[in-house]
Amino acid sequence: MEKQLKIKRITQFFVLVLFVLFSSQAFAQQSTIKGLVKDEAGVPIIGANVSVKGTTNGVVTDTNGRFILSKVKSGATIVFSYVTYITKEVTYKGQADMVVTLIEDNKLLDEVVVIGYGQVRKGDATGALTSLKADDKIRGFAPNTQDLLVGKVAGVAITSEGGSPNGASYIRIRGGSSLTASNDPLIVVDGVFIDNQGLNGAGNILSTINPTDIESFTILKDASATAIYGSRASNGVILITTKKGTEGKVKITYDGNVSIGTPKKKIDVMTGDEFRVFLKENYSDLSIYEQMAKKQGLVNTDWQDEIFRTTLNTEHNLSVYGTAAKVMPYRVSFGYTNIDGILKTSKTERYTGSFSVIPSLFDDHLKINLNGRGMYVKNRFADWGAIGAAIVMDPSQSVYDKDSPYGGYFTWTGDDDNVIQVATKNPVSMLDMTHDESKVRNFIGNAQLDYKLHFFPELRLNMNVGIDYSKGEGIKYISEFAPSDYMYGGYDSSWNQKIRNSSFDFYAQYAKDFNFLDSNFDLMGGYSWQHYWRAGDSVGHRITKFDAYGDPVLVTQSNYETEHYIVSFFGRMNYNVKDRYLLTFTLRNDGSSRFHKDNRWALFPSVALAWRMSEEDFIKQLGFVNNLKLRLGWGVTGQQDINQGDYPYMATYLHTVGDQANYLRGYNNGVPIWVSLLRPEAFNPDLKWESTITYNVGLDYSLFNNRIDGSIDFYHRKTKDLINAETKTTAGTNFKEYVAANIGNLENTGFEFAINGRPVVNRNFTWEIGTNFAYNKNKITKLSVGDDKDTKSVNGMTVHMVGHAANMYYVYEQIYDENGKPIEGLYKDRNNDGQINEQDLRPYKKSSPDVTLGLNTRLNWKAWDLSVAGHGSFGTYNYNAIAANHAGLSPTTIYASESLSNRVKSAFDTNFQIAQPLSDYYVQNASFFRIDNIVLGWSFKNSKRIPFNGRIYGSVQNPFVFTKYKGVDPEVFGGYDGTLYPRPMTFLLGVNLNF
């Protein structure tokens with residue numbers, strides 16, 4: 001009994017202990033703590049996260065920086081975090097009130113950004129530059145590299161060549177600085193210069209780089225940032241850094257998607273029924289109507305539906321990265337893209353591969369960076385002429401005619417049963433009976449060695465050797481039965497091209513810290529050598545037409561080889577005092593083989609000052625300013641991409657083919673025999689560099705605990721010695737009427753504003769929003785040797801004139817009736833001479849925008865993310881050539897050459913009987929704002945069920961365009977809206993997997 005009693009008492013004691021422990025634990029779980037979160041200046045932090053580590057228990061601070069957190073047990077770890085601040089952990093020991101100070105994480109300022117020949121802390125940058133990380137979560141449908149930049153950077157406008165999968169894209173940074181020379185920016189990929197002349201058959205030079213391989217972009221805008229590239233930098237610089245390997249074990253990522261592209265909008269034209277009614281109501285009382293009626297068909301054919309289609313596209317990207325032997329980070333990637341264009345027969349199939357090895361040896365004194373990326377692309381190009389043909393083709397006719405000898409397609413024929421050559425050709429036959437394709441291979445690679453001397457660690461030596469090699473070939477075959485070429489005997493051609501661009505750069509950089517004024521200094525000097533070589537040949541001939549010797553009639557033939565060199569010496573000095581006052585000076589001396597030896601070399605200097613005002617006490621006392629930096633810059637850049645070949649300063653000769661020779665020797669059985677000649681070309685030995693002087697004032701800012709950041713820039717650019725290819729020569733002084741010469745000045749003045757905000761930041765939900773705005777105005781201030789204010793240079797529908805913007809439309813001023821309708825053929829007599837002629841044409845509006853805008857927002861809620869991106873252009877005007885060229889409603893324009901033509905319905909707004917293409921009525925406001933993409937994603941983490949991380953996402957591309965423009969699409973590069981390839985709306989479903 002005594003033993004049992006003892007056991008009972010012990011049991012009761014343990015029960016009591018367990019009860020006390022349980023009660024104390026229950027009590028601890030009910031503990032509530034209060035506190036304050038502030039920054040180093042004592043300013044309360046709003047929206048900071050406060051949570052119990054390892055649990056879902058958490059709150060955010062209120063507008064006074066205070067918080068109340070319940071259900072906290074003693075010994076728990078409390079985590080305090082806020083964006084741009086270093087996360088802090090505090091052990092809870094029963095205190096009822098906690099005051100926590102978070103220290104600002106200076107990663108925003110310490111972030112290293114790529115600049116010309118090196119890197120710099122973002123906080124120490126003195127020039128106008130923007131660094132942009134490639135974010136897969138907001139990418140959406142972006143098969144080409146430039147798609148990642150659309151609407152993301154102030155002052156950078158990107159316009160694609162419509163919706164073609166193999167069309168070109170045009171990038172403009174702060175407008176254009178040239179008239180007839182290139183306005184393309186310099187593009188540098190991992191230190192390798194990309195040739196702006198592009199690749200035949202590739203469509204887009206940036207298509208050579210897989211977007212999923214991009215790590216970041218740095219856009220250099222003002223001369224203080226770009227002058228280090230001298231002769232290549234007048235139009236800005238885009239530096240692309242690709243992804244590299246990382247430390248740790250092997251990782252594998254897969255990114256794939258499938259998308260559907262569908263036509264979005266069509267040109268509004270008459271249907272077959274409407275066309276028949278129109279002809280009867282308007283022309284039935286005319287003698288010509290009987291002939292019209294005989295030519296009419298009995299069907300309703302929507303020719304645009306016949307040439308456009310809905311497409312299925314796929315992308316697959318696989319990358320493997322990690323570290324080998326603990327010293328060699330590596331990355332290997334492969335990509336496949338297959339995109340069908342919505343215009344039938346257009347197609348792109350691309351294979352890409354890349355590798356990167358970045359070993360670090362000798363205790364990190366020697367860093368080696370080896371990069372290589374290859375591309376193989378197969379393109380099939382559709383005949384864009386089919387778009388224009390579909391607009392005017394008679395909608396009462398069928399697509400096919402089983403009795404037609406022209407491939408079985410309906411074809412307009414005359415009374416003699418021959419093809420009417422001037423009649424509209426069947427647009428479907430133009431696509432199906434033309435086979436235009438290319439195959440292009442490209443490799444870009446470089447080897448960079450960076451050595452920090454063991455015996456003199458302040459000195460670094462950097463050498464970079466790069467190559468950009470391409471080989472392309474293509475064919476174009478038009479069947480001899482095709483309606484478009486039947487009379488000519490069909491067409492068969494082929495071409496080949498090889499490009500080899502080599503570069504060598506070497507520079508030394510010395511950096512030193514000084515106790516004097518708490519300053520540091522670095523000096524860099526180097527040498528650059530670039531060689532651009534290309535060669536190719538082409539031949540085109542008829543299939544069923546033969547010359548006097550029995551050979552197929554030769555249509556085109558060429559064989560060329562050309563090259564040019566750029567040799568440069570460059571240097572840069574940075575001086576930093578107290579991390580507040582920054583000075584940068586750069587100097588580059590460039591020599592280009594494209595100019596005569598007397599004009600070959602040019603010097604390009606720049607200087608920039610920056611003041612980090614946020615480091616001053618009077619700014620720190622404000623409390624809400626995290627970073628404030630004022631920048632002042634001045635510099636000169638040059639231009640040698642003059643679009644006049646590699647030998648514009650020396651006499652060259654063109655080998656002519658066929659009737660190009662303008663010398664007919666005679667005939668053989670009715671076949672003309674042309675003599676092949678060498679024809680002298682125009683040249684100018686006095687041609688020299690264009691140069692652009694840029695002034696820039698900028699302000700970088702970050703406010704309210706870095707919840708808001710951005711930049712403001714004002715600039716003025718003046719280009720002198722403009723290379724104008726349309727300079728009229730004195731009779732007998734050259735071999736052509738016009739020659740390229742340095743005549744004229746052009747000015748650009750602009751303002752840029754960018755702001756990014758994080759209105760909501762808490763544990764489960766964040767909202768980020770950013771916008772950028774840019775205004776640019778350009779004006780020609782000189783266009784002749786004698787500074788004649790009335791000098792003008794007309795190029796088709798546009799004109800250059802002193803006192804006006806470049807490329808203004810050159811049209812008549814339309815007169816309207818009391819109802820606001822244009823009066824046919826009635827224009828303002830501007831010189832009051834009693835007649836309307838070319839003297840009454842006026843410069844009116846322009847295609848380049850006054851304002852460009854980008855807007856991006858992103859929301860994250862737990863595992864979900866939603867992003868929306870858009871861009872706009874304002875003050876833009878298009879020449880609506882589709883409406884202008886198809887406006888005539890007279891019977892002789894509807895029925896001409898024994899064939900009928902449809903009309904756009906906009907023709908009824910004017911009721912012009914004869915087209916009036918030079919009326920300013922057709923220069924129409926094309927301002928717009930486009931939603932580029934909407935992306936919704938869901939992320940998941942590694943678990944027992946799913947042994948990898950990943951994300952599933954869907955997106956819609958080009959869902960909305962807000963505009964008053966009357967054409968199909970307001971976004972037209974150059975403003976001439978003739979046969980624009982429509983941009984499709986694309987629906988995409990994709991997945992990212994990480995193993």
Counting only other residues whose beta carbon sits under 15 Å from that of Ile815, what net charge do I get with K and R as +1, D and E as -1?
-3
The chain: relative contact order from alpha carbon pairs under 8 Å, six or more residues apart, as a whole percent, is 11
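Strictly greater than 23 Å: what percent of every Cα pair in region 837-923 meets that?
That fraction is 52 percent.
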How many Å³ per residue does the convex hull of the Cα positions in the chain occupy?
262
For region 378-390, Karplus couplings with θ = phi - 60° (6.51, -1.76, 1.60), whole Hz, Gly/Pro x:
10, 10, 10, 9, 8, 6, 5, x, 5, 5, x, 5, 5
Divide by every residue of the chain the summed helix terms, -39500 (n - 2.57) for each DSSP H run of at least 4, and state the resulting mean residue ellipticity at 222 nm, rounded to the nearest 500 deg cm²/dmol.
-2500 deg cm²/dmol
Using only Cα atoms, locate the centre of region 287-340 and the centre of region 861-885, then give the distance between them in Å, rounded to an integer.
20
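Round to the nearest 0.05 the FRET efficiency obtained for Thr32 and Asn64 when R0 = 30 Å and r is the Cβ-Cβ distance.
Values: r = 18 Å, r/R0 = 0.59.
The calculated FRET efficiency here is 0.95.
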What's the percent breakdown of Cα-Cα distances in region 516-565 across 5 Å bins, shortest bin first?
5, 12, 12, 9, 9, 7, 7, 7, 5, 5, 4, 4, 4, 3, 3, 2, 2, 1
Simple SL model, points at 7 angstrom along Cα→Cβ for Ile946 and Leu523; separation in nm is 5.8
Which Rg and Dmax, in Å, describe the Cα atoms of region 432-496?
25.2, 79
Spread of Cα-to-Cα distances over 10 Å intervals beginning at zero, given as percent, for region 31-105
21, 58, 20, 0
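Between Rg and the Kirkwood Rh of region 242-390, both from Cα atoms, what is the Rg to Rh ratio? Provide the component values of the computation, followed by the final result.
Numbers: Rg = 28.3 Å, Rh = 20.6 Å.
Reported Rg/Rh, Kirkwood definition of Rh: 1.37.
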How big is Rg to Rh over region 850-990, alpha-carbon atoms, Rh as the Kirkwood inverse-mean-distance radius?
1.22
Sorted from largest down, what three extents in whole angstroms do the Cα atoms of region 751-884 have along their principal axes?
76, 45, 23
Here FRET efficiency (C-beta to C-beta, Lys266 to Ser398, R₀ 22 Å, nearest 0.05) is 0.65
Using the alpha-carbon centroid of each, what span in Å lies between region 232-264 and region 118-187?
14
At 0.36 nm per residue, and after removing the present C-alpha to C-alpha distance, how many nm does the segment from Phe569 to Val320 gain when stretched out fully?
85.8 nm
Report the chymotrypsin sites (Phe, Trp or Tyr not before Pro) located in region 243-297 that are in a DSSP loop and have at most 13 other Cβ atoms inside 10 Å of their Cβ, or state none.
none
Report the paramagnetic label zone for Phe455: residues of region 509-531 whose backbone N is under 19 Å from a point 7 Å from Cα along the Cα-to-Cβ axis.
509-511
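Once the Cβ-Cβ distance between Phe514 and Leu654 is put in as r, and R0 is 51 Å, what FRET efficiency do you end up with, to the nearest 0.05?
Working: r = 62 Å, r/R0 = 1.21.
Approximately 0.25, to the nearest 0.05.
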Taking every alpha carbon pair in region 436-574, what does the distance histogram look like in 5 angstrom bins from 0, in percent?
2, 8, 12, 11, 10, 9, 8, 7, 6, 6, 5, 4, 4, 3, 2, 1, 1, 0
Return the Cα extents of region 108-242 along principal axes one, two and three, sorted largest first, each rounded to a whole Å.
42, 39, 25
For a label point 7 Å from the Cα of Val258 along Cα→C-beta, name the residues of region 964-995 whose backbone N is under 17 Å from it.
986-993
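Quick note: the coordinates plus some simple rules give every number you see, no bench work behind them. Note that the structure is predicted; figures quoted are calculated from it, not measured. Using ideal geometry, Cβ is built from the backbone for each residue, glycine included, and neighbour counts are taken over all protein chains shown.
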